[in-house]
1. What's the percent breakdown of Cα-Cα distances in chain A across 10 Å bins, shortest bin first?
2. Starting at the first residue of region B:411-419, write each ³J(HN,Hα) from the Karplus equation 6.51 cos²θ - 1.76 cosθ + 1.60 with θ = phi - 60°, in whole Hz, x for Gly and Pro.
3. Looking at the square roots a ≥ b ≥ c of the eigenvalues of the Cα gyration tensor of region B:344-417, which shape do they give, rounded for a/c under 1.5, prolate if a/b is larger than b/c, or oblate?
4. To the nearest 10 degrees, how steeply does helix A:13-31 sit against the main Cα axis of chain A, on a 0 to 90 scale?
5. Please compute the net charge surrounding residue B:217, taking Lys and Arg as +1 and Asp and Glu as -1 over other residues with Cβ under 12 Å from its Cβ.
6. For helix A:299-312, report the angle its Cα long axis makes with the longest principal axis of the Cα atoms of chain A; keep it between 0 and 90° and round to the nearest 10°.
7. How about region B:178-250: which trypsin sites (Lys or Arg not before Pro) there are in a DSSP loop, with at most 15 other Cβ atoms within 10 Å of their Cβ?
8. Step through the table entries A:251/B:201; B:110/B:232; B:368/B:484, compare each Cα-Cα distance with 31 Å, and write down the pairs that go over it.
Amino acid sequence: MPALANDDFGLHDDDVIMDEAVDKAIFRSTIMSSQDDADYGTLLRMFYQRFFPYKMYFNWLNYDTLPNKNFFNREFSFTLASDVYLRYNSFADAEEFRREIERLQPVKIDIGAIYTAKPKDKKQLRPQAFQPVEKELVFDIDMTDYDEIRTCCSGGAICLKCWEFMTIAVKVLDEALRQDFGFKHLLWVYSGRRGVHCWVSDETARKLSNDSRKAIVTYLEVVKGGAQASKKVRLNQLLHPSLSRALDVLKDYFPQLILEKQHVLAEPETWNKLLELISDQVIRQALDERWQADPTRSAQAKWKDIKQQLLASNYNEARAETVMREIIFQYTYPRLDDNVSVHINHLLKSPFCVHPKTNRVCVPIDPQTCDSFNPLEVPTLARLHQELNDYNSPYGSGKSLSDIEKTSLAPYIKIFDTFVNELLKEVRDQKRGKSYGVLK
Amino acid sequence: MFKQKPRANRFAEQTQRTLHGDAGQVRVHSAYPSRLNFYLVPPQYEITVDEFEEFALDRLHVLKALEGAQLRNKSREESKQQLDTVSDKYLPLHSNQAVKAHNVFEERRKDHISHFILRLAYCRSEELRSWFLRQECALFRHRYENESMAEKHAFLDDLQLDWKVLSNEEKKEIFEELVSASAWHASQYSGQNVGLKERAKAFVESEGFFEVNFERVPELVSRRLVYIRNGKAYVPMSEQVSLVLDEFRNRLSKALEVTAKMLPRMDEDERLMPVLNNINKQYLGKDYGAQTKGTAGAVTADEVDSLVAHFPPCMRHLHMSLRHDKHLRHGGRMQYGLFLKAIGLPIEEALVFWRRAFANMTEDQFQKGYAYNIRHNYGLEGKRADYKPYDCMRIITSNPPSTGDHHGCPFRHFSSQNLEEMLFRYGVPQTQIREFTNLVSEKHFNVACTRLFELTKKLQGADASALVRELITHPNQWFEASYKSSKAAEDPNAMQIS
């Protein structure tokens, strides 16, 4: 265990906990070798050994190919199978990172901020000498925030019907971040179960202060208010350009997703919830009575009824349209977990983790083709194992490929490679620009 | 080194000009061409230690008034008026038009010096720095908004801030977007009879725009009040104050950190450090020390329980804990004991009060372990100092309570759940509890306490605005305000006398 060899004298508390945890994990996997738990352990070992893209992962977080402070001052946190949580790990390079991952077999890896010093030295440092300085601007969109509007599933469960909420979120936020804020390097990642993460990795994004992060998040947030508030969207009649652009996306999805797939207007309980967004009680009642009387009325027709009723009740065209927009936004606009984005030292689950419950890999999503992304088809550990065996069996096609390329993980890795290569290219161009500057 | 050099030279040049100006017939002093100041150059005048302290305290008066007005949701007009009064009293600063009637140079010199003294006093911790930064920004904003257009322009020209102004062609290109993003501004500035879109169009047509990085105007970005493209925000010129303020905030924030790093070198100065240390702890109103008579006259041990209704939440909590546990640990005895002393509990009664309170204790234990301390607090033992009751700053910032302790500030030291329970017991409606938790999360403990005072007194039917005009920064201030108002209610004539 190389990590301990250097530290003959003052054992860190963390180290002790760590090794106990490793022992426990090994112990558990030996006594339960026939159960799923152990299967997960073995498969995870295979994953870390043969599939985790260490090199590109390092190049990403290092923002260069030679190790620098972007990487060695970066905090990584690990959750072990025994539920032990280890914070403030840091590594000199890709190799050390790999060794530690393969030794600990974490069930979850979190990425934190880049600090002014190495996070593993935190305890020797004065608090002022250990401050977070940079981190990607991150976003976390979780399906549980949609529980009040989705009718198909709840909690941790997802299906293809509600996944569309995530597709909308990716599209809307991707456009806003690129066009409004000028960011170029966005990595969208499936969180392994029921949500998506976004890592905005431009240099300007990494250097944003907490205040600027907060400003961006508030700018992007449209759906506001807790469980107590029913009306969570208030729009101006004159829509801000960013929201007009979002509305174009939302309008594409709303009829299909909310009216057809989620059946929001099919039952009195859910339609009344939607009608609560109209402040005028008379209108609400009129619509409710009309729909109660005609159970076969189609959702599309009911949707049209709302606007008609508004216009019939002294709403002018602009005001009626604003109410309709508010409904669309409340039912489809992305809902953000703002704490994750606002604080620079907040941790977020790393891409290429394997979700311990679903066994699915947290793979990148290409925002250009996010419509066709299917979370239920994301490779699981068992499937990767199977694919590898199939390929290596005598009946496989037998071409010599890397392990990744033999499996369905390949296309996702390709998205990641493209993302990282674009980042590296920019860094190279910048360096060149700088050296020209010196020559002048 | 290299960066600092030109600045030092510029300053030398400026002092030269100053001297010259004194001798000649220059109307506006060249050291301070405007009453607005970015405080880029430290003052290099000789002042007395007394002046040093006086200047600092005067400025502090203004900053505290600002804080009070801002946070108690006073209307713009109201707080402006209040500020003008306080400024005139403590830190008058007349514009260039008034150059004949007032000694503008002296005023600006005082403003300049006092700012830098408070920088020294308030750079020590993150909490102090952020408080100072907030108040100074508010003060700057207040002054900037009061300034005439011409003065503003002259001031900005002097600063040489490089903001890109959108050319007509560029404006034409993004005209539609600017219009769509101007809903709020349009509704603020134009006539009411035309449609919103028409008004927005008229607004954009007549308005000039700056192009700046979006990080410069976080406030406008988060409220979606400006058009943003490719990381650039297009800020209407009428929002210029946001930009100036951002510039001011950034520079001051950096300067404060630099000052904090330099401060240890000043520790050797025996004259200034005590003053500085005193300033950032300074309570501006009364300190309720020995010279002041007990607020409620002479209070007997028996009367304490009947006065609890006038106690601020921290003291009420200590009292309840004392009654419940029949004991209080040291921190609590100090905080509560000195408070009682200041409301008028004399030493003889204090000994009776505490003796009875510690009901589970033998006489011997009490005499040996506690009586000495009580006499000590009243200046009868040891170095015979007459101790002052703790103010909020001290309660909030020093000696945080640990297990078994009940002292401290409920707003600062209670868990949010316990705080909510306490507020609930005070009868604060559920809808307003959120306001308190927000204040507390932003560290406005005094403001929260003041709000609670206003609210509870309002619940009892008193006219809150008449009770406290400033922020509560001392537990005895709460007591005094509450006690006097109840006396006044009993006897309407008493009001006029006090």
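Read the figures in this text as sums done on the coordinates, not as results from a lab. Only a predicted model underlies this, so the values are computations on that prediction, with no experimental measurement involved. Cβ placement follows ideal geometry from the backbone for every residue including glycine, while neighbour counts extend to all protein chains displayed.
1. Bin by bin from 0 Å, the calculated values are 4, 18, 26, 23, 16, 9, 4, 1, 0.
2. With the stated coefficients, region B:411-419 comes to 6, 8, 10, 7, 5, 4, 5, 5, 4 Hz.
3. On the way: a/c = 2.34, a/b = 1.47, b/c = 1.60.
Oblate.
4. 80 degrees
5. Values: positive: B:216, B:223, B:224, B:232, B:249; negative: A:211, B:211, B:215, B:219, B:239, B:246, B:247.
With Lys, Arg at +1 and Asp, Glu at -1, the neighbours total -2.
6. 60 degrees
7. Those that pass, being in a loop and sparsely packed, are B:223.
8. Working: A:251/B:201 26 Å; B:110/B:232 39 Å; B:368/B:484 38 Å.
Violating the 31 Å Cα-Cα cut-off are B:110/B:232; B:368/B:484.
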